[in-house]
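Chemist: Pasting a structure below so you can have a look.
No lab work stands behind these numbers, since they all come straight from the coordinates. Since we're looking at a predicted model, the values are computed, not measured. Positions of Cβ are generated from backbone atoms using ideal geometry, with glycine treated the same way; all protein chains shown enter the neighbour counts.
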Amino acid sequence: MYEVFPLVAGAVIALLVPRFVPSGQRRIAYGGLGVVVAALATIIAAEEWFFFFIDLAEVFIAMAVTLTIAAYYWPSLRSGQPNQAVLADADTIRDAFTKFTKSLPGRDSDR
């Protein structure tokens with residue numbers, strides 16, 4: 001039950017940020033809101049602090065999946081072409097998450 005909150009919140013963030021935040025500030029908005037939601041999910045579930053990283057991964061994965069789906073399916077109803085701006089946001093989130101996971105201790109960053 002507690003794992004649903006980060007997934008739904010990530011999807012909601014992904015749908016609302018492109019609508020209300022200027023394109024130059026979206027990275028900050030995605031990162032900041034993702035961290036806040038992950039911390040809130042950890043607090044709500046009364047989990048240990050290291051579960052924050054699991055909740056953070058869930059939030060960012062939900063954002064990336066939602067943005068990718070929105071880029072490919074939402075505008076295709078009108079034009080048949082993926083929305084490049086939303087697709088760029090999904091790529092940004094994926095790249096940031098990849099960089100973060102490679103920087104974790106115990107990971108081989110040369111792979």
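Chemist: Could you give the length gained on full extension between ASP95 and VAL8, defined as 0.36 nm per residue of separation minus the Cα-Cα distance, in nm?
Modeler: 29.2 nm
Chemist: Could you line up ILE54, ILE93, ILE28 from fewest to most neighbouring Cβ atoms inside 10 Å?
Modeler: ILE28, ILE54, ILE93
Chemist: May I pose another question? Once the piece of chain linking TYR72 and LEU16 is laid out straight, how much longer is it, given 0.36 nm per residue of separation minus the C-alpha distance between them?
Modeler: 18.5 nm
Chemist: Which of the peptides 57-63, 18-24, 39-45 is most tightly packed, and how do the rest follow, going by the mean number of other Cβ atoms within 10 Å of each residue?
Modeler: 57-63, 39-45, 18-24
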